[in-house]
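Report on one structure; see the data block that follows.
The values are calculated or read from the model by the stated rules, or taken from the named source; none is laboratory data. Model, not experiment: these values are computed from the prediction. Here the Cβ is made from the backbone with ideal geometry for all residues, glycine too, and neighbour counts use every protein chain on show.
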Amino acid sequence: MTSKTLLAAVTSVFLLGACATGGESFGGLGSGTGIGSSVVKMAVDSQCRTELNKRNEWRVIALAMSAEKQAEWENKICGCASEEAPNQLTATEMMQVLSPATREQAIASVTAKTVTACFKRLYK
């Protein structure tokens, strides 16, 4: 199957899925009910927690918090990032998420965008 045929097939599935789920974006990815959405959300949540704990500024801030408060903020930030991920996902990134060879890079890209969006939302 050529890449154009594959792209057309995947696009058709998403468009038909949108019709079946009431017109939501990416066949339900925007609503959080689709299987693809669940996979993306879990991957982004995991990637977010890994990246967050690598950041020096987070580690410094976390030292001043109780374990409960740290977990609360981690849940807020990464929960928001995983909820926002389907809204930030481009068609190209969705194709990359579906491919095992490019999945990790696509998830990292989407995670970076969603964490930025959530940071702005949480710290207005």
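When residues in region 82-124 are screened for being farther than 20 Å from LEU52 by Cβ, small (Gly, Ala, Ser) and in a helix (DSSP H, G or I), 1 of them pass. The residue that is nearest to ALA43 (Cα to Cα), counting only those in region 113-122 that are of a type outside the set (S, T, N, Q) and without any contact (Cβ under 8 Å) to a residue 40 or more places away in the chain, is LYS113. Among the residues of region 80-97, is there at least one that is without any contact (Cβ under 8 Å) to a residue 12 or more places away in the chain and within 16 Å of MET42 (Cβ to Cβ)? No, the conditions are met nowhere in region 80-97.
Is it the case, given these coordinates, that ALA81 is crowded, with 19+ Cβ neighbours inside 10 Å, aliphatic (A, V, I, L, M), under 21 Å from GLY34 (Cβ atoms) and at pLDDT 90 or above? Yes, satisfied.
Do the conditions hold for THR90, that is, is it in contact with an Asp or Glu (Cβ under 9 Å, 6 or more places away or on another chain) and surrounded by 12 or more Cβ atoms within 10 Å (Cβ to Cβ)?
Values: in contact with an Asp or Glu (Cβ under 9 Å, 6 or more places away or on another chain): no; surrounded by 12 or more Cβ atoms within 10 Å (Cβ to Cβ): yes.
Answer is no for this residue.
Among the residues of region 86-96, is there at least one that is modelled with pLDDT under 85 and over 13 Å from the mean Cα position of the chain (by Cα)? The answer is no, given that none of the residues of region 86-96 is modelled with pLDDT under 85 and over 13 Å from the mean Cα position of the chain (by Cα). Every listed requirement among (1) assigned to a helix (DSSP H, G or I); (2) within 23 Å of GLN105 (Cα to Cα); (3) at pLDDT below 90; (4) not polar (S, T, N, Q) is met by CYS19 save one, (2).
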